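These notes concern the structure reproduced below.
The values are calculated or read from the model by the stated rules, or taken from the named source; none is laboratory data. Every value quoted in this text rests on a predicted model; they were computed, and no experiment measured them. Cβ atoms come from the backbone with ideal geometry, glycine included; neighbour counts cover every protein chain shown. Just the protein is used for accessible areas: all its heavy atoms, side chains included, with ligands, DNA and RNA removed. Shrake-Rupley method; radii C 1.70, N 1.55, O 1.52, S 1.80 Å.
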Amino acid sequence: MFKLLGWRVAQAAFVVLAVGLLTWFLVQSLPGDMAWRIASGRYGYDRVDASAVARVQQELSDSLQQGSALLHWLFDLLQFNFGRSLVSGEPVMDELRWQLSQTLALAGSSLFLTILFTLPLGIWAGCHANGKLDRALFWLSALLKSVPHFALGMLLIVLLALQLDWLPSAGHGELRHFLLPSLTLALSLTAVGVRVVREATYQVVNSGYYRWGAQKGLAPATLLRRHGLRNLSSPVLTWFGMQFVWLVEGVVVVETLFAWPGIGHALVHAIFARDVPVIQASAMTLGLLFVLLNMLVDAGCHLLDPRGARA
């Protein structure tokens, strides 16, 4: 376990440095006038003028005259200082903390709904393989998986927000604002998650030790609780952990569709505005989250199924 944690810490340090340097050079190589982009982000595309662009150019030249911008950024990074946004002027850490909390909240609620839908349906389908429910879930999963996020989100907006007026179509800050974007993400994940849980359950139910428990006369519920759930939990936990990483890093479309102020939505706007400190901080945070969540998943699998460590 300690060897695994040490490897993950080293991996996190490498991710921070690699992502930060790569982001720096990629942003510098983007076409277009960087000063005009920053000025447009500050004042709006319809209000920017030559004087605003000149002021931004002066600010950028002043920062470069203080020394190498890249070395200056590396020195600040060692002090956990991401600087200030070139557009808003606010500390990047404050903006990032707010945006990340919103994305994690949305991802957590989506994962909760996914677990709520996936586990009972997948376990039932695996215990009753090739039954009517299993076949119906197969076709329903294929249908949901083929629908893009934005199309599914717009369908839910039209049905639940516009037609039935049950939920708000956009916004944040209240519990009801979570439901539509969370449901959009959860339905797409459930389409795959049901098949993952079903296959894991099917493998356990058809294993030798499980059949031996049934021959001893254990009730189906007792057999599943004592000998099934823990053995199928390792692959299911791994899948859910990877989906949480995907939720945090890949909800840009859903955040934009529902006007959700998350880190993915902010990263897209920062790229358009050439807000280099925000881009670097967001990219490095997402990279660190990927390493951290993988570490938690590995630790969870180790605790649930330590056979790999003993082997």
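What separates the Cα centres of the range 177-254 and the range 136-160 is a distance of 20 Å.
Assuming 0.36 nm per residue, please report the length gained on full extension of the stretch residue 33 to residue 268 beyond their Cα-Cα distance.
82.9 nm
Calculated accessible area for the chain comes out at 55 Å² per residue, all protein chains present (probe 1.4 Å; ligands, DNA, RNA ignored). What the Cβ-Cβ distance of residue 214 and residue 163 gives, at R0 = 51 Å and to the nearest 0.05, is a FRET efficiency of 0.60. Working note: Cα gyration tensor of the range 216-298, eigenvalues times five, square-rooted, sorted largest first, giving semi-axes of 41, 14, 6 Å.
Between residue 81 and residue 112, the contour length at 0.36 nm per residue exceeds the alpha carbon distance by 7.8 nm. For the chain, the alpha-carbon coordinates run over 83, 55, 31 Å along the three principal axes, in decreasing order. Every helix of 4 or more DSSP H residues in the chain counts as -39500 (n - 2.57), and over all residues that averages to -25000 deg cm²/dmol at 222 nm.
With a simple spin-label model that places each label point 7 Å from the Cα along the Cα-to-Cβ direction, the separation between residue 14 and residue 138 comes to 4.2 nm. Highest mean packing first, where packing is the average number of other Cβ atoms within 10 Å per residue, the peptides 189-197, 237-245 line up as 189-197, 237-245. Using a probe radius of 1.4 angstrom, the carbon and sulfur fraction of the accessible surface of the range 96-205 is 72%.
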